[in-house]
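Visitor: Could you have a look at this structure, given as structure tokens, before my questions?
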Amino acid sequence: MRALNVILGLVLLCTHAAAFTDYLLKKCHQAGFCQRNRDYAKNIQLSHNSYYHIDELSVVVDNTTNTLHADIVKTVPREDIGDVVVRLPFTLAFQQDMLSVRFTIDEKPIEKFNNELLTPYRYNETANWSFANHSGVLDNAPLQWSTQEQQQESNALAWLSNIVFNADEEKVMELTTASSDLRVRLFLETCQINVYDGKELVLAINDRSLLNFEHHRTLEDNFQNMLPEESSYNMFADDFEYSSSDHIPFGPQSVALDFTFAGFNNLFGIPEHADSLRLRETLDEEPYRLFNVDVFQYNLNSRMPMYGAIPLLMSASKDRSVGVFWNNPADTWVDIHYEGSASQSHFMSETGVIDVVVFLGDKPADITDQFTHLTGRPTLPLMSAIGYHQCRWNYNDELDVLTVQENMDREDIPFDFIWLDLEYTDDRKYFTWRPDSFATPGKMLQKLAKYGRQLTVLIDPHLKFTYEASNKVKEHSAEIKNFMGKTYIGRCWPEDSIWIDTMGKIGRTVWDSLFKEFITEKLPSFVDNLQIWNDMNEPSIFNGPETTAPKDLIHDGGFEERAIHNVYGLTVHEATYDSMKQIYSKFDKRPFILSRAYFAGSQRTVAVWTGDNIANWDYLKMSIPMVLSSNIVGLPFNGADVAGFDGNPSPELIARWYQTGIWYPFFRGHAHIDSIRREPYLLEEPIKSNVRDSIRLRYALLPTLYSAFHQSSVDGSPIMKPMFFEYPEYSEFYDIDDQFYVGDYGIVVKPITSTETFSTEIVLAPGIYYDLQSLKSTTVDKLDTVTVDAPLDKIPAFIEGGHLLIKKEVYRRSSKLMINDPYTIVVAPTLSTGSASGKLYVDDGVTFEYESGNYLDVSFTFTNNSVLENTIIHEPSDSKTLGNMYIHKIVLATDGNNVDVGKNAKITVGSDVREVTVEFDEETSSAVIRDAQIRIDEPWRVEF
Ligand code: NOJ
């Protein structure tokens, strides 16, 4: 075993210098449960057998929790010894405030189980991490039988009268709630669940009979527990070369289920994958796999697993949308199949319970909204965190960091965050500073704080085997254990390491104490501009199977790694966030945390990125669908390393990557330790100026972007948004993932992602579009493809008529220094009615005061090509902390003849009426008021 570890370690270290060696990862046919479920799916569809039914006599409605309980009965036919009958507890409930239905299928705890290190029941606490309320208990709506008046008795037999026979003579129970059109039909004999919106069938669950619940059995009695359609492949052993030492103490435990999306011919979601936004057919191919792993130089156009997993699958049509949340953090594979006018999926997880929430809506955004209502709204970051982040593995010492700052400032390139990767630590021991090169971190932090800049440092969940921090963890027995209950030792950056077990309360408390010592005790003065990066938290283990933790490791509570794998990274970053939030409560400051691994719910606390990409055009192109996919499943704060982590990008690629990167919600330049330095100020002209202009455009748009982040923190809406989210009515948009909208602001972008490309084609819905930089207009009569020039200094980006943007146009070194700058409004009216609207959200960008009402929310409307007005939606409690309140410049984009310019405009504020000059700017064909002197927090009216 030791020898294998050494070989694997070498292989992994080598992979950190060459392309990803995907033979290290299982394919479906090498993963016991994936292959078994695919076999089962094939066989059951041929045999048409159904081994599962809902026991009608077990149906009970609990009126206190508004939950239906029943037993699903699995019958394994055995003529010799008599049928084996397994009862699987089933619950179903509709939720209040959402158009959703949740159901669970569990197994009773194992009665005779002689492993005292493990709990005898399946892991059923995922909701404690993924749901915003940190509990599996939801606010459910009262259930109603749609067949007759609800009966009050909770007597099992009373419900029998609610069983009806449908036209096919099947026994059916139908449930609904008073508050919505959502209806569910339970087919008792086949265990099929149909979900309807009114009369329309939207989702059929288990209609292909792929429900498979591998109930508990031992190797000895396995033969009597097997269904005829089941294969026994790798049930009690794993013959995959790199995980053959897995003990599989429970034997086979997988759960699987099929979902058919009726009337939908697309499926999206289930990131993270380096693949198209619309999920591809997987028939005869690899399914999409959700299993958090370290995939340096990951493959493109692939369904291989990556760093994060969000098991939300969604689909949309012009007036309807549906989402399926498979709340299971175990290794999971998803097959996708498009069949006529339906889309089919087959979820297969290695263990755990079936816990599914189905959401219905009219438009795609309804699914993201409800999903983030359930799993938590995305964090509202520091304003500075949506500025530019300058990172590299590594800045060598304090002087290096401060020189980068000086050079960025000298070259007038704004930035807000600078980062320290791994090598700032003393011998890769987290919670320490390397004494020779980072001797005075407090001073360095203070020098960065002058312009409001933040320093992010890397702290990973693996700790070098012996030193102060890991000793403390071991003293409290707060580390992950091996299958024998002893400290697990694996290899990562510091060689032999242990892993903090943040699944457990003790682990979180110890983790918290390490942060407190590091920040409040070890630094000479208590600073508020140190932020944290949790990397390698899949967890990445160099000598572990599939680059990660052995599945038979044991976590607090006696749960196997197998059962919780995809949620571990979330527990690490959430513990980090909670600790930092408490530490910074002294300053009432929002922490910033970047995490590489994630699960549903991560959006509440962190930003993420797309991991170790390569500096080439293909990865630039792929970054767009990857960030879009994350945005639609409620995790908008995502971005790819600009201009590619590994390798040395050409100057042209750098320019184009920055032009794309400014639209990622998380915008960070990062580079591998072996790559040539490429901070923007080091670039040759004209690339340096191109990059400077791109970053400055990001900064000019910060008020709008911050408003988009705020909107997202309210309803989960994407910041980088697919075309079909904006226009579900155009089927042409469902396959487009190389152009996108930005928030609800009508900015539509088609970045250039290939070399020597100086024009591009963008598909637009009917309307008028103003070039974002030149304001030159283009009219589109029907959905059409428009050719746009894109010389190297140009980003193909438009403002769609009907919208209005708020900018701050003066260059400053950082976002903090922009706080007192005036606003500019850019109005982009429609052609037909000459109208536009937009919103602005402003708070102090730093504290949590917005939670108690200290923020401004204001909307703007422009009508009849003439009148611009604002409406204050929410007034701040203390506007002094919100910075400048004045709008100086108003720019009205025109198509050249829709505004009668050359005269004065009238501005009315309360009883004060004044005239201001309107200039016509020939270059941009726009009418400009240069000195409007109106406040954003007071109502006014401008008449052109
Ligand atoms: C892996 C991360 O993905 C990468 O961004 C980082 O630079 C290295 N770890 C070193 O910490």
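Just so it is clear, none of the values below were taken in a lab; they were calculated from the coordinates. Being a predicted model, the structure only gives us computed values, none of them experimental. Methodologically, a virtual Cβ is constructed for each residue, glycine included, from the backbone with ideal geometry; neighbour enumeration extends over all protein chains shown.
Visitor: Excluding VAL909 itself, calculate the net charge of residues whose Cβ lies under 15 Å from the Cβ of VAL909, where each Lys or Arg counts +1 and each Asp or Glu counts -1. Kindly include the intermediate steps, with their values, before the conclusion.
Guide: Working: positive: LYS906, ARG914, ARG935, ARG941; negative: GLU869, ASP912, GLU915, ASP931, ASP937, GLU938, GLU943.
Charge balance in the 15 Å sphere: -3.
Visitor: Need the full-extension length gain, GLN446 to ASN820, defined as separation in residues times 0.36 nm minus the C-alpha distance. One decimal, nm. All intermediate terms of the calculation are to be shown ahead of the outcome.
Guide: Details: separation 374, 0.36 × 374 = 134.64 nm, distance 2.19 nm.
132.4 nm is the gain from fully extending GLN446 to ASN820.
Visitor: What dipole magnitude, in Debye to the nearest 20, does segment 331-375 give about its Cα centre under +1 on Lys/Arg Cβ and -1 on Asp/Glu Cβ?
Guide: On the way: 1 positive and 8 negative charges, 22 e Å.
The calculation lands at about 100 debye.
Visitor: Each residue of segment 646-655 in turn: what ³J(HN,Hα) in whole Hz from Karplus with 6.51, -1.76, 1.60 and θ = phi - 60°, glycine and Pro shown as x?
Guide: So the Karplus estimates, Gly and Pro as x, are 9, x, 10, x, 6, x, 4, 5, 4, 4 Hz.
Visitor: Tell me the label-point distance for the pair VAL916, LYS782, using the 7 Å Cα-to-Cβ offset, in nm and rounded to one decimal.
Guide: 4.2
Visitor: Is there a pair in LYS776/LYS903; LYS363/LYS794; LYS688/LYS807 whose C-alpha atoms are over 30 Å apart, and which pairs would that be?
Guide: Result: LYS363/LYS794 exceed 30 Å.
Visitor: What lysines sit close enough to LYS74 to cross-link, taking a C-alpha to C-alpha distance under 21 Å and skipping anything fewer than 8 places away on the same chain?
Guide: Straight-line reach from LYS74, under 21 Å: LYS42, LYS108, LYS112, LYS171.
Visitor: In the neighborhood of THR881, defined by Cβ-to-Cβ distances under 10 Å, what is the net charge if each Lys or Arg adds +1 and each Asp or Glu adds -1?
Guide: Working: positive: LYS880; negative: ASP843, ASP844, GLU849, ASP878.
Charge balance near THR881 sits at -3.
Visitor: Could you work out the relative contact order of the chain? I mean the mean sequence separation of Cα pairs under 8 Å and 6+ apart, divided by the number of residues, in percent.
Guide: Reported relative contact order: 10 percent.
Visitor: Assign unit charges at the C-beta atoms only (+1 for Lys and Arg, -1 for Asp and Glu), then state the dipole size of the chain relative to its Cα centre in Debye, rounded to the nearest 20.
Guide: Working: 82 positive and 135 negative charges, 425 e Å.
Rounded to the nearest 20 debye, it is 2040 debye.
Visitor: Also, quick follow-up: Relative to the longest principal Cα axis of the chain, at what angle does helix 702-715 sit, 0 to 90 degrees, rounded to 10?
Guide: So the inclination is approximately 30 degrees.
Visitor: Please name which of VAL763, TYR811, LEU775 has its Cα lying farthest along the dipole of segment 726-943 towards the positive end, using unit charges on Cβ (Lys, Arg +1; Asp, Glu -1) and the Cα centre as origin.
Guide: Going by the Cα projections, it comes out as TYR811.
Visitor: Additional query: Taking 25 Å as R0, compute the FRET efficiency from the Cβ-Cβ separation of ASP427 and GLU241 and round it to 0.05. Provide the component values of the computation, followed by the final result.
Guide: Values: r = 33 Å, r/R0 = 1.31.
After rounding, the FRET efficiency stands at 0.15.
Visitor: Of the peptides 598-607, 409-418, how do they stack up when ordered by the mean number of other Cβ atoms within 10 Å, highest first? Could you put the intermediate results ahead of the total?
Guide: Numbers: 598-607: 27.4, 409-418: 20.0.
By packing density, highest mean first, the sequence is 598-607, 409-418.
Visitor: OK, next. Size of the dipole of segment 171-248 about the Cα centre, Lys and Arg at +1 and Asp and Glu at -1 on the beta carbon, nothing else charged, in debye to 20? Provide the component values of the computation, followed by the final result.
Guide: On the way: 6 positive and 15 negative charges, 123 e Å.
Rounded to the nearest 20 debye, it is 580 debye.
Visitor: Right, something else. So, by mean Cβ neighbours within 10 angstrom, what's the order for 379-387, 173-181, 804-812 with the highest one leading? Present the calculation step by step, with values, prior to reporting the outcome.
Guide: Working: 379-387: 24.3, 173-181: 17.9, 804-812: 20.3.
Final packing ranking: 379-387, 804-812, 173-181.
Visitor: Can you put HIS462, HIS337, HIS555 in order of Cβ neighbours within 10 angstrom, beginning with the fewest? Walk me through the numbers on the way to the answer.
Guide: Numbers: HIS462 27, HIS337 16, HIS555 23.
Lowest to highest Cβ neighbour count: HIS337, HIS555, HIS462.
Visitor: Starting from the Cα-Cα distance between ILE163 and LEU682, subtract it from 0.36 nm times their residue separation and give me the gain in nm to one decimal. Numbers along the way, then the final one.
Guide: Values: separation 519, 0.36 × 519 = 186.84 nm, distance 7.40 nm.
Full extension from ILE163 to LEU682 adds 179.4 nm.
Visitor: Further question on the same structure: In whole Hz, what ³J(HN,Hα) sequence does segment 400-413 give by Karplus (6.51, -1.76, 1.60; θ = phi - 60°), x for Gly and Pro?
Guide: Result, ordered by residue: 4, 4, 6, 6, 4, 4, 4, 5, 4, 5, 4, 8, 6, 10 Hz.
Visitor: Which ³J(HN,Hα) values in Hz, rounded to whole numbers, follow from the phi angles of segment 762-776 under the Karplus curve 6.51 cos²θ - 1.76 cosθ + 1.60, where θ = phi - 60° and Gly and Pro get x?
Guide: 10, 9, 10, 6, x, x, 10, 10, 10, 4, 4, 8, 8, 6, 5
Visitor: FRET efficiency for THR65 and SER585, Cβ-Cβ distance as r, R0 = 35 Å, nearest 0.05? Please list the in-between numbers first.
Guide: Values: r = 35 Å, r/R0 = 1.00.
My answer for the efficiency is 0.50.
Visitor: Could you tell me how many degrees, from 0 to 90 and to the nearest 10, lie between the Cα long axis of helix 561-583 and the main elongation axis, the longest principal axis, of the Cα atoms of the chain?
Guide: The angle comes out near 40 degrees.
Visitor: Considering the Cα positions of the chain, please state its Rg to one decimal place and its Dmax as a whole number of Å.
Guide: 28.6, 97
Visitor: Which of the lysines could a cross-linker bridge to LYS522, judged by Cα under 29 Å and excluding same-chain residues fewer than eight apart?
Guide: LYS429, LYS443, LYS447, LYS450, LYS464, LYS472, LYS474, LYS505, LYS581, LYS586, LYS589, LYS816
Visitor: Quick one: angle between helix 364-375 and the longest Cα principal axis of the chain, in degrees between 0 and 90, rounded to 10, please.
Guide: 70
Visitor: Further, regarding this structure: Sort the following peptides by mean Cβ neighbour count (other Cβ atoms within 10 Å, averaged over residues), highest first: 522-528, 645-651, 58-64.
Guide: Details: 522-528: 14.1, 645-651: 19.3, 58-64: 16.6.
Listed from highest to lowest mean packing, they are 645-651, 58-64, 522-528.
Visitor: Within straight cross-link reach of LYS906, meaning Cα distance under 18 Å, which lysines are found once same-chain residues fewer than 8 apart are removed?
Guide: Answer for LYS906, where 18 Å is the Cα cut-off: LYS889, listed by chain and number.
Visitor: Something else now. Counting alpha carbon pairs within less than 8 Å and at least 6 residues apart, what relative contact order, in whole percent, applies to segment 592-637? Walk me through the numbers on the way to the answer.
Guide: Details: 34 pairs, mean separation 16.9, N = 46.
Computed over segment 592-637, the figure is 37 percent.
Visitor: Lys/Arg Cβ at +1, Asp/Glu Cβ at -1, dipole of segment 383-725 taken about the Cα centre: which of VAL691, VAL567, PHE709 is farthest positive-ward?
Guide: Of the candidates, PHE709 comes out farthest on the positive side.
Visitor: Using helices alone, I'd like the mean residue ellipticity at 222 nm for the chain: each DSSP H run of four-plus residues gives -39500 (n - 2.57), total over residue count, nearest 500. Can you show the working numbers first?
Guide: Values: 15 runs with 175 residues, N = 944.
Value at 222 nm, helices only, nearest 500: -5500 deg cm²/dmol.
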